[in-house]
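Report on the following structure.
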Amino acid sequence: MTTQTKHVPWYLWPFVAIWKLLAVIVEMTGRLVAMILGIVLMVVGVIVSLTIVGAIIGVPLAIVGLLLFLKGIF
């Protein structure tokens with residue numbers, strides 16, 4: 001059996017790493033829990049980003065929540 005690996009350009013590596021991390025979370029927790037966790041992270045990210053200082057943490061938190069929710073769906 002042969003394994004094929006796809007070459008990922010260096011500038012896309014952070015996105016691939018986040019997607020693989022989300023895939024591991026979905027595999028470990030299950031789809032429903034991952035979707036619930038994604039919704040919670042999105043809500044918390046939006047609430048935190050209501051302040052200017054909190055936007056530094058809130059926006060990426062909401063994006064990770066959205067990606068986790070999407071990974072749970074598909």
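Scanning region 37-65 for residues that are among the small types (G, A, S) and either in contact with a Phe, Trp or Tyr (Cβ under 6 Å, 6 or more places away or on another chain) or more than 26 Å from V24 (Cα to Cα) (or both) yields G38, S49, G54, A55. A search for C-beta distances below 7 Å between a residue of region 53-74 that is at negative phi and any residue that is exposed (fewer than 15 other Cβ atoms within 10 Å of the Cβ) and basic (K, R), counting only pairs 6+ apart in sequence or on different chains, returns G72/R31.
Values quoted throughout were computed directly from the atomic coordinates according to the rules given, and no laboratory measurement underlies them. Predicted model, so just to flag it, every value in this text is computed and none were measured. Backbone-built Cβ (ideal geometry, glycine too); neighbour counts: all protein chains shown.
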